[in-house]
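S.K.: Before I ask anything, here is the structure I am working with.
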Amino acid sequence: MQTTTPNRTAVIGLCTMCIGVLLLKYSATAGKLAMGLGILAMVSTGSVQGFSKLMAAARCDLFELRHAFLARKRLWLRRARHVTKPSAAASLGWQLSVLLFTLVMFVGGAFEVSIAGLSIATETVSRIALTVALFDLCIMGLRVMRWPWGRSAGKWLKAAVAAILAGIALSMARQIVAGLTGEDPSKFPATVALLAGLCVPLAWATIATVVAAVTILPAMVLSFRRMTRDETPPMEHSYFLARGAAIIRPILLCLALLQIGFFATPPDLNKHPLLRYASVVLLVHMDFWDQTVCGTPNVLAARITDDRYLKVNPNEQVPTLHVATCLNKDAQPAGSKASTAVL
């Protein structure tokens with residue numbers, strides 16, 4: 001009965017539609033009405049039952065999707081709590097920092113220590129606290145590296161971070177080469193590639209600075225909430241030093257990241273002669289070779305354009321870069337002079 005009823009209804013609908021086609025010769029209204037009833041009967045045959053089953057299956061799919069999302073969310077929250085929870089060594093460092101700060105404030109107020117001495121003591125304690133923050137960040141980074149990135153969506157996040165790092169490091173390397181030569185950095189691809197690898201820690205520091213700048217306000221709100229909330233923490237975390245460390249930890253972590261970014265910037269080679277010398281030696285060995293420059297053969301140089309070269313004077317003990325501009329592409333006559341400029 002369940003099999004023949006839909007087929008019978010479909011046959012009846014088809015017959016009604018054919019009758020409507022025949023009635024069109026005698027009455028357009030009656031024919032169109034019969035055709036419409038036939039099409040409606042054919043379309044609606046089994047639709048209610050089919051839609052009910054399909055909606056039930058779709059509801060099951062959505063439930064499975066919601067369950068998978070919640071399971072993944074619980075997994076990531078558990079991993080995040082594990083990462084952000086301070087280790088025992090970091091907790092000890094935080095509590096010692098709070099203790100030192102409290103002692104400095106107490107001694108400064110009780111014994112009327114001078115402003116200069118109090119500022120030196122406060123700066124020392126802040127440096128100790130920032131060192132503890134850097135140690136805590138290292139522990140958090142090691143925990144993140146232990147995540148099974150290959151089995152989760154984290155591999156896409158890891159690829160995105162790697163692409164951002166590569167872009168920032170390449171930009172820093174191009175800036176260094178441009179400042180060193182005064183020419184287009186694309187003319188020195190090997191040096192740019194090598195310096196980009198060396199600039200990866202600086203790129204990490206740049207990303208850390210951006211993250212810290214974005215999260216410092218939420219960290220301050222979190223610290224204020226921990227300061228004013230009424231719930232009682234567990235006994236092992238209820239004493240003053242533990243609660244003080246929990247309050248200042250988010251803010252100092254952000255400040256430590258900001259400090260890393262402020263100090264980890266591309267070096268100015270004009271202010272560091274030793275770094276400039278090492279960079280010039282690296283540049284010469286990577287992108288310079290013996291070639292003919294303005295009619296002079298066997299010159300250690302790099303070609304910038306067809307009539308412009310960057311060369312090294314072999315008679316100098318310390319390599320110095322010179323710009324040589326030829327009058328034309330052909331070899332210069334013996335009496336002609338190529339214009340040079342010393343960088």
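The values are calculated or read from the model by the stated rules, or taken from the named source; none is laboratory data. Since the model is a prediction, treat every value here as computed from it, not as a measurement. Here the Cβ is made from the backbone with ideal geometry for all residues, glycine too, and neighbour counts use every protein chain on show. Areas reflect the complete protein model, heavy atoms only, side chains present, ligands, DNA and RNA absent. Shrake-Rupley method; radii C 1.70, N 1.55, O 1.52, S 1.80 Å.
S.K.: So which cysteines of the chain have no other cysteine's Cβ under 4.7 Å from theirs?
M.R.: So far as the 4.7 Å Cβ criterion goes, CYS15, CYS18, CYS60, CYS138, CYS199, CYS254 stand without a partner in the chain.
S.K.: With a 1.4 Å probe and all protein chains left in place, how much of the accessible area of segment 18-107 comes from carbon and sulfur atoms, in whole percent?
M.R.: On the way: 5130 of 6830 Å².
Taking all protein chains in place, segment 18-107 shows 75 percent carbon and sulfur surface.
S.K.: Calculated FRET efficiency, ASP184 and ALA213, Cβ-Cβ r, R0 22 Å, to nearest 0.05? Before the final figure, lay out each step's value.
M.R.: Numbers: r = 32 Å, r/R0 = 1.47.
After rounding to 0.05, the efficiency reads 0.10.
S.K.: Report the dimensions of segment 90-223 along its three principal axes from the alpha-carbon atoms, largest first, rounded to Å.
M.R.: Here the spans come out as 65, 46, 23 Å, largest first.
S.K.: Sticking with this one: So if a site counts as exposed when it's one of the chymotrypsin sites (Phe, Trp or Tyr not before Pro), its DSSP state isn't H, G, I, E or B, and it has at most 11 other Cβ atoms within 10 Å, what's the longest stretch of the chain without one?
M.R.: Details: sites that count: TYR26, PHE111, TYR239.
It works out to 112-238.
S.K.: While we're on this one: Looking only at GluC sites (Glu not before Pro) in DSSP loops with at most 15 other Cβ atoms within 10 Å, what is the longest site-free stretch of the chain? Walk me through the numbers on the way to the answer.
M.R.: Numbers: sites that count: GLU112, GLU231, GLU316.
Counting only loop sites that pass the neighbour cut-off, the longest clear stretch is 113-230.
S.K.: Over segment 204-313, with every protein chain in place, what whole percent of the accessible area is carbon and sulfur at 1.4 Å, could you tell me? Intermediate values should be presented prior to the final figure.
M.R.: On the way: 4490 of 6780 Å².
Carbon and sulfur: 66 percent of the exposed surface of segment 204-313.
S.K.: Compare the Cα positions of VAL107, ALA90, ALA80 along the charge dipole of segment 67-112 (+1 at Cβ of Lys, Arg; -1 at Cβ of Asp, Glu; about the Cα centre) and return the one farthest towards the positive end.
M.R.: ALA80
S.K.: Which of MET35, MET286, MET145 moves most in a GNM of the chain, Cα contacts under 10 Å?
M.R.: MET35
S.K.: Please give the Cα centre distance for segment 261-287 versus segment 146-224, rounded to the nearest Å.
M.R.: Cα centroid of segment 261-287 versus Cα centroid of segment 146-224: 19 Å apart.
S.K.: Considering only TYR309, LEU118, CYS18, whose Cα is most displaced toward the positive end of the charge dipole of the chain, charges sitting on Cβ of Lys, Arg (+1) and Asp, Glu (-1)?
M.R.: After comparing all options, I get CYS18.
S.K.: Probe of 1.4 angstrom, ligands and nucleic acids ignored: what's the accessible area per residue over segment 240-314, in square angstrom? Don't skip to the answer; put the middle values down first.
M.R.: Numbers: 4190 Å² over 75 residues.
For segment 240-314, the solvent-accessible area averages 56 Å² per residue.
S.K.: Let me spell out the model: positive unit charges on the Cβ of Lys and Arg, negative unit charges on the Cβ of Asp and Glu, origin at the Cα centre of the chain. What dipole size does that give, in debye rounded to 20? If you can, show how the numbers build up before the last one.
M.R.: Working: 33 positive and 17 negative charges, 383 e Å.
Result for the chain is approximately 1840 debye, rounded to the nearest 20.
S.K.: Something else now. For ALA80 and THR320, calculate 0.36 nm times their separation in residues minus their Cα-Cα distance, and state this gained length in nm to one decimal.
M.R.: Residue separation times 0.36 nm, minus the Cα-Cα distance, leaves 81.1 nm.
S.K.: Tell me the per residue accessible area of segment 61-174 using a 1.4 Å probe; a whole number in Å² is fine. Don't skip to the answer; put the middle values down first.
M.R.: Details: 7880 Å² over 114 residues.
Heavy-atom SASA per residue in segment 61-174 reads 69 Å².
S.K.: If you wrap a convex hull around the alpha carbons of the chain, what volume per residue comes out, as a whole number of Å³?
M.R.: Spread over its residues, the Cα hull of the chain gives 373 Å³ apiece.
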